[in-house]
1. Only Cα pairs under 8 Å and at least 6 apart count here; give the relative contact order of the chain as a rounded whole percent.
2. Please give the length that would be gained between Asp14 and Met1 if that part of the chain were fully extended, namely 0.36 nm times their separation in residues minus their C-alpha to C-alpha distance (nm, one decimal).
3. Tilt of helix 34-45 relative to the longest C-alpha principal axis of the chain, in degrees (0 to 90, nearest 10)?
4. Out of Val17, Val61, Val34, any idea which swings most in a Gaussian network model of the chain, alpha carbons joined below 10 Å?
5. Calculate, for the chain, the solvent-accessible area per residue in square angstrom, rolling a 1.4 angstrom probe over the heavy atoms of the protein chains.
6. Consider the candidate values (1) 100; (2) 132; (3) 86; state which one is volume of the Cα convex hull per residue in Å³ computed from the structure displayed.
7. Carbon and sulfur: what percent of the chain's accessible surface (1.4 Å probe)?
8. Express in nm, to one decimal, how much length is gained between Val34 and Ser46 on full extension, taking 0.36 nm for each residue of separation and deducting their alpha carbon distance.
Amino acid sequence: MREEIEKVIEEARDRVVEWRRYFHQYPELSFHEVKTAEKISEILSSFGNLEISRPVQNSVVADLKGAGEGKTLAIRSDIDALPIKEENEFEFSSKNPGVMHACGHDGHIEL
């Protein structure tokens with residue numbers, strides 16, 4: 001079982017890194033995360049078995065319904081960036097002047 005899990009992780013690694021770098025390149029301030037929400041919706045829609053809704057243009061709700069009755073688990077993720085000039089010079093540094101993902105919570109949006 002452990003080997004199977006490690007294989008799935010390895011197969012997903014490049015996609016997850018690509019997603020993370022995209023979100024770093026195109027950060028959006030709080031209440032303006034329209035493109036971020038669109039990208040998250042696009043990614044989650046590719047998974048299948050999720051009911052995706054967009055209550056407002058800067059949010060995404062994904063419901064995974066189980067086969068039976070049981071408890072509910074809710075996960076909330078912040079997707080906003082901060083009004084800070086990025087001084088890094090990585091290929092995936094922010095392309096939005098004066099805005100960057102600097103608080104570390106962007107790792108949560110790759111659910």
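1. Averaging sequence separation for qualifying contacts and normalising by length gives 31 percent for the chain.
2. 2.5 nm
3. 30
4. Fluctuation is largest for Val17.
5. Value for the chain: 76 Å² per residue.
6. So the structure-derived entry is (2).
7. Carbon-and-sulfur percentage of accessible area, whole number: 52.
8. Stretched out fully, the Val34 to Ser46 stretch lengthens by 2.5 nm.
The values are calculated or read from the model by the stated rules, or taken from the named source; none is laboratory data. Keep in mind that this is a model prediction, so the values were computed, not measured. A quick note on method: Cβ atoms are made from the backbone with ideal geometry, for glycine too, and the neighbour counts reach across all protein chains shown. To get the accessible areas, we keep the full protein, side chains included, count just its heavy atoms, and leave off ligands, DNA and RNA. Shrake-Rupley method; radii C 1.70, N 1.55, O 1.52, S 1.80 Å.
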